[in-house]
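Q: The structure's right below; bear with me while I get my questions together.
The values are calculated or read from the model by the stated rules, or taken from the named source; none is laboratory data. Worth saying up front: this structure is predicted, and the values here are computed from it rather than measured. For neighbour counting, all protein chains shown are included, and Cβ atoms are generated from backbone atoms with ideal geometry for every residue, glycine included.
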Amino acid sequence: MRKQWEAFPAHEADKPVEEKTVPPVVYTEPEPEPQPEPQPAPQTKPQPKPREEEKPLPKEDIKPLPTPKPTIDTKPVPIAVKPKVVVVPKPQPAPEPIAPVKPKEEPFKKVTLNYFGTLITIGFPLDDDLLLQALKESAIVDAWKQLAESKYDICIKTALDARKANRLCDWAYMSLLREATEKQYGKTNEAVLMQAFLMTQSGYRIRLGMTEDKLYMLVASQYDIFKYPYYTLDGAKFYNISGKTPHQMYITQAKWDKEKSLSLQMTELPSFGSEPTPKRTLTSKKGVTASASVNKNLIDFFNTYPQACFNGDQTTRWAAYANTPVEQSVKDMLYPSLRKTIKGMSEKEAVGILLNWVQTAFEYGYDDKIWGGDRAFFAQETLYYPYCDCEDRSILFSRLVRDLVGLDVVLLYYPGHLATAVAFNEEVNGDWLMYKNHKYIVCDPTYINAGVGRTMPNMNNRQAQIIALQ
């Protein structure tokens, strides 16, 4: 860090691709072709005897009638497609701390936060005298060496304990550290330095940057985070998450051992305090009713979560939402009635019931009119907000099928539209795509009243991209 920091320009933030929204379509059963009215059978009359001069033709002169051609079936033909497959890497476990922390049993100051309805305490030394004398390389190194003293081990230990006890994902953990350090030091350069120190000691890949009067913590991400400018270092994108990003800053390229980039996938939900929302009852056109109440603290947390894609492929941005589980309290309320409804049904019948429930129990709404731009929902958000679109319905439906029927589901991306496909264990007719030598039957939660195996009009399965889910 003592080496002169290099100047790096900020790159413009990545943005979601704006596409023409495909409105929902209501499926109607095709009218059967009119059948000719039955005619009364003709009465049998005795046939006149052939005249003597009329002789039957010899057998060799009799030609068989031509075989009639089959009638053309106007129903959609099942489509076997090998489309582009998008595979998002499995979420990595939380980074390991650089070294096990066993602080001495000494009194310490407790900084307690109400973090999304959960009281979390981070410890700081009673004689905490962290001070950044100047915004220069040498002064930053001196302050960093100060943080490496044993008295600050309590900060690392209590932070890591909080991450584990509250099952905090990478984004939640980073946000918690920012709030804790700002409560201890205010919105100062010392708070930024402490947050960067705790992140490195917790195993994350960060860099420090500075302008004339401000210090910044930059974090590397496994994903391309939308709407945040970034700096490119060693081929990786580093983001300033805490606020406005300067057009240029001086950045150190000092590295730490075993550092890992930030993950934006959640293998489990944070265990925030419970604040149940009012119960919402949802009834499908087929009369299937289920109720849900979600945790408002999680809804507020989801509001802070950034949209992102993997490896520059914007179709991957929905995988993180679809792979996120549903909170157990939501399952306990929502799933029993749905599970009771589909009990004893075949896989196709059960999936059809869930498909119709998502199609008809929720009101469709356009993101640009409601949110001012594209926004995807986690499954619990769709159960909370009054409107949802094709992305939200597909994410929720994929979660329900995996949890309640135990079948594998993939997302299907068409330009401007998102649907799903399900891998059945039984033979199911309809439009299908091939993935891993298995048929995936199209199921579109936005094709209202359409059953399993029907593709929305103007959607081309040969151009669809499969987005694999965990």
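Q: Can you find a residue in the range 323-338 that is in contact (Cβ under 8 Å) with a residue 40 or more places away in the chain, of a type in the set (Gly, Ala, Ser), surrounded by 19 or more Cβ atoms within 10 Å (Cβ to Cβ) and part of a helix (DSSP H, G or I)?
A: Among the residues of the range 323-338, not one is in contact (Cβ under 8 Å) with a residue 40 or more places away in the chain, of a type in the set (Gly, Ala, Ser), surrounded by 19 or more Cβ atoms within 10 Å (Cβ to Cβ) and part of a helix (DSSP H, G or I), which makes the answer no.
Q: Which ranges mark the helices (runs of 4 or more DSSP H) fully within the range 352-470 that have 2 or more residues being at pLDDT 95 or above?
A: 379-384, 390-400
Q: Somewhere in the range 119-126, is a residue modelled with pLDDT under 95, at negative phi and part of a loop (DSSP other than H, G, I, E, B)?
A: The answer is no, given that none of the residues of the range 119-126 is modelled with pLDDT under 95, at negative phi and part of a loop (DSSP other than H, G, I, E, B).
Q: Among the residues of the range 149-187, write down those that are touching a residue at least 12 places away in the same chain (Cβ under 8 Å) and assigned to a loop (DSSP other than H, G, I, E, B).
A: Correct list: 166, 167, 168, 169.
Q: Quick one: would you say residue 344 is in contact (Cβ under 8 Å) with a residue 12 or more places away in the chain and surrounded by fewer than 18 Cβ atoms within 10 Å (Cβ to Cβ)?
A: So residue 344 does not fit the description; no.
Q: If you don't mind, there's one more thing I want to ask. Listed residues 372, 406; which is small (Gly, Ala, Ser), closer than 28 Å to residue 15 by Cβ and without any contact (Cβ under 8 Å) to a residue 40 or more places away in the chain?
A: It is 372.
Q: For the range 175-188, give me each residue that is within 25 Å of the chain's Cα centre (by Cα) and buried (at least 22 other Cβ atoms within 10 Å of the Cβ).
A: 176, 177
Q: It is to be established whether one or more residues within the range 203-224 are closer than 24 Å to residue 118 by Cβ and not assigned by TED's automatic domain parsing to the domain that holds residue 117.
A: Looking through the range 203-224, none of the residues is closer than 24 Å to residue 118 by Cβ and not assigned by TED's automatic domain parsing to the domain that holds residue 117.
Q: Which residues, counting only those in the range 291-306, are touching a strand residue (DSSP E or B) at 6+ places or on another chain (Cβ under 7 Å) and either among the acidic types (Asp, Glu) or within 15 Å of residue 379 (Cα to Cα) (or both)?
A: 291, 292, 293, 295
Q: Ok, one more. Looking only at residues in the range 205-239 that are under 23 Å from the mean Cα position of the chain (by Cα) and polar (S, T, N, Q), which one is modelled with the lowest pLDDT?
A: Within the range 205-239, the match that is modelled with the lowest pLDDT is 222.
Q: Return the residues of the range 133-172 that are under 21 Å from residue 305 (Cα atoms) and exposed (fewer than 15 other Cβ atoms within 10 Å of the Cβ); say none if nothing qualifies.
A: Within the range 133-172, 164, 165 meet the criteria.
Q: Hey, could you check the range 267-308 for residues that are assigned to a strand (DSSP E or B) and farther than 28 Å from residue 162 by Cα and say which is nearest to the chain's Cα centre (by Cα)?
A: 292
Q: All but one of (1) touching a residue at least 40 places away in the same chain (Cβ under 8 Å); (2) touching a Leu at 6+ places or on another chain (Cβ under 7 Å) hold for residue 366; state the number of the condition that does not hold.
A: Only one criterion in (1) touching a residue at least 40 places away in the same chain (Cβ under 8 Å); (2) touching a Leu at 6+ places or on another chain (Cβ under 7 Å) is unmet by residue 366, namely (2).
Q: Given (1) closer than 27 Å to residue 114 by Cα; (2) touching an Asp or Glu at 6+ places or on another chain (Cβ under 9 Å), where does residue 230 come up short, assuming only one miss?
A: All conditions are met except number (1).
Q: What is the residue count in the range 411-437 for residues that are surrounded by fewer than 17 Cβ atoms within 10 Å (Cβ to Cβ) and in contact (Cβ under 8 Å) with a residue 24 or more places away in the chain?
A: Final tally of qualifying residues: 6.
Q: Okay, moving on. Restricting attention to the range 229-260, which residues are buried (at least 19 other Cβ atoms within 10 Å of the Cβ), under 20 Å from residue 176 (Cα atoms) and of a type in the set (Ser, Thr, Tyr)?
A: 239
Q: For residue 287, which of the numbered conditions (1) closer than 29 Å to residue 414 by Cβ; (2) free of Cβ contacts under 8 Å to residues at least 12 places away in the same chain fails to hold?
A: Among (1) closer than 29 Å to residue 414 by Cβ; (2) free of Cβ contacts under 8 Å to residues at least 12 places away in the same chain, residue 287 violates only (1).
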